[in-house]
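Undergrad: The structure that follows is given in the form of structure tokens.
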Amino acid sequence: MITVAEIKNDEEVKVIMSIAESQIEALDSIGAEQRRVELAQIAGYLHDIGNSVNREAHAQSGALLAYNILTRMGMPYKEAAEIMMAIGNHDEQQGLPVSDITAALIIADKADVH
């Protein structure tokens, strides 16, 4: 039986995960504003929160959950809406790269999954 520790120590997994992390870091190196990078990181952290509801349509339910949480915590509506849009569009079956944050999230999510 394979354990989480074995997966975390696997060389192939380490390489792929480092590539996934570099996607978000790439935003900074191409001149993205630091706040945009931060928003992409928040979107990346919260992007699968909708799985708490159901795997089907998790992007949409997650987008709404994230927006409510972020605005409750005091995030400006515009920034919360941008994260909501990114999370709502990160699923490859229905989503589109409609912003820089969304594009970064899609790439990072697919690099992480595959």
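Laboratory data are not the source of any read-out in this text; all were calculated from the coordinates shown. Just so it is clear, the model here is predicted, and its values are computed rather than measured. In this analysis, Cβ positions are derived from the backbone assuming ideal geometry, glycine residues included, and neighbour counts consider all displayed protein chains.
Undergrad: For the pair A111 and S18, how long in nm is the line joining their label points, each one 7 Å along Cα→Cβ?
TA: So the label points at A111 and S18 sit 1.2 nm apart.
Undergrad: Expected output is a single nm value to one decimal: the length gained when fully extending between I7 and V53, i.e. 0.36 nm times separation in residues minus the C-alpha distance. What is it?
TA: 13.9 nm
Undergrad: Over the range 45-114, what is the relative contact order in whole percent, taking alpha-carbon pairs under 8 Å and six or more residues apart?
TA: Taking the mean separation of contacting Cα pairs over the length of the range 45-114, I get 24 percent.
Undergrad: Please report the net charge: other residues with Cβ closer than 14 Å to the Cβ of P97, K and R +1, D and E -1.
TA: Around P97, the charge tally is -4.
Undergrad: Which order do the peptides 52-62, 72-82 come out in when sorted by mean C-beta neighbours inside 10 angstrom, highest first?
TA: So the peptides 52-62, 72-82, ranked by packing, come out 52-62, 72-82.
Undergrad: Using a ≥ b ≥ c from the Cα gyration tensor of the range 61-111 (square roots of the eigenvalues), is it rounded, prolate or oblate, where a/c under 1.5 gives rounded and otherwise the larger of a/b and b/c decides, a/b for prolate?
TA: In terms of gyration-tensor shape, prolate.
Undergrad: Here's another thing I want to ask about it. Rounded to the nearest 0.05, what FRET efficiency do L64 and E92 give with R0 = 25 Å and r taken as the Cβ-Cβ distance? Could you check?
TA: Computed FRET efficiency for L64 and E92: 0.80.
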